[in-house]
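**Q** Before I ask anything, here is the structure I am working with.
Please treat every number below as a calculation from the coordinates, not as lab data. Small disclaimer: the values here were computed from a predicted structure and weren't measured. Glycine also receives a Cβ, built like all others from the backbone with ideal geometry; neighbour counts cover every protein chain displayed.
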Amino acid sequence: MTGGTIDDILAGNPDLGTLPSVFHRVEAAVNDPTSSFEAMSRAIETDSALTAKLLRIANSSLYNFPSRINSIDRAISIIGTQQLRDLVLAATIIRYFSHLPVAGVDMDSFWRHSIVTALLARSLAGARRETNVERFYVAGLLHDIGRLLMFMHLTTPSARILARRDERQCLLFQAEQEVLGVDHAELGGDLLRAWNLPRAFEEPVRHHHSPSLASQYPIETAVVHVADSIANALRLGTSGERYVPPINDETWIRIALPENMLEQVITYTDMHYQQVVDVFMA
């Protein structure tokens, strides 16, 4: 049913099947071995609002550089091409969905939950000394994007899903599976596949409620799974979940961090949360 569902949604909204053009220009510059920082900068600077947002991110507490970054060239040289490409992806997707009417969804609360999950994923990845922690950040940011698709395009089933959740007092993704035969994680994974995004993003989104099924990116998926559970416990925003999805024991073992690290991870998230919300949701 998953394939049919995403096909139906994209047939009714063809624009949804294509990411904003600025991302494709940046992606092309990153993947071109003959390209330069300048080519990537020019691609970003065609979008003045995106340029301003990225400079605000580069100058935020997430990076805490000692001197101010005043150009995209400088941001790329310090943050890295892949990392900045991932931040472009995050910023363009939030902007795209933030302008769409989604009945029954508090978009401010939805993105706050997504940002908390992203920060937690980034912090967990940093504690593991992973390279390019931004890919964990973006996977966390996008983990519930399938839920927006449900509320936008499957309005009648979505009402039944919420009723089933309240009736059974179960996790929302379990109610989705019972009503639709598919949950938001699978639907989100299908959307990322339609966008031709790397599996490093698709798999953590698709399996953040079923981390044992991740075959190519088990660490990324495990980190997003844990981050989502902690984010729901913190209650800084919500995507509609009323309960806290339990952390899978095997998944916690997989990320190989001591339990006392959680306090440090949550402190890091608290420290950066409001500034990141202000930047991304401005």
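**Q** Among Leu89, Leu257, Leu141, whose mean-square fluctuation peaks in a Gaussian network model of the chain (Cα, cutoff 10 Å)?
**A** Leu257
**Q** Kirkwood-based Rg over Rh for region 1-156 (C-alpha set), two decimals?
**A** Rounded to two decimals, Rg over Rh is 0.99.
**Q** Run through region 235-282 and list the GluC sites (Glu not before Pro) located in a DSSP loop whose Cβ has at most 15 other Cβ atoms within 10 Å.
**A** Glu259
**Q** Just round it to a whole percent: the fraction of Cα-Cα distances in region 56-126 exceeding 17 Å.
**A** Counting every Cα pair in region 56-126, those more than 17 Å apart make up 54 percent.
**Q** In debye to the nearest 20, how big a dipole does region 96-242 give about its Cα centre with +1 on each Lys and Arg Cβ and -1 on each Asp and Glu Cβ?
**A** 220 debye
**Q** Mind listing which chymotrypsin sites (Phe, Trp or Tyr not before Pro) in region 1-92 are in a DSSP loop and have 16 or fewer other Cβ atoms within 10 Å?
**A** Tyr63
**Q** Moving on. Take the eigenvalues of the Cα gyration tensor for the chain, scale each by 5, and report the square roots as semi-axes in whole Å, largest first.
**A** 29, 23, 17
**Q** Also, quick follow-up: With N set to the number of residues, divide the alpha-carbon radius of gyration of region 1-51 by 2.2 N^0.38 Å and report two decimals.
**A** Relative to the rule-of-thumb radius for its length, region 1-51 sits at 1.56.
**Q** Using the Cα centre as the reference, give the magnitude of the dipole from point charges on the C-beta atoms of the chain (Lys, Arg: +1; Asp, Glu: -1; all else neutral), rounded to the nearest 20 debye.
**A** For the chain, the charge dipole is close to 480 debye.
**Q** Computed on alpha carbon atoms, what radius of gyration and Dmax characterise region 175-282, expressed in Å?
**A** Final numbers for Rg and Dmax: 14.8, 39 Å.
**Q** Continuing with this model, one more query. Determine one quarter of the surface area of the Cα convex hull of region 84-206, which equals its mean projected area, and express it in nm² to one decimal.
**A** 7.8 nm²
**Q** Going through region 96-181, which trypsin sites (Lys or Arg not before Pro) have at most 11 other Cβ atoms within 10 Å and a DSSP loop state?
**A** Within region 96-181, the qualifying trypsin sites (Lys or Arg not before Pro) (loop, at most 11 other Cβ atoms within 10 Å) are Arg129.
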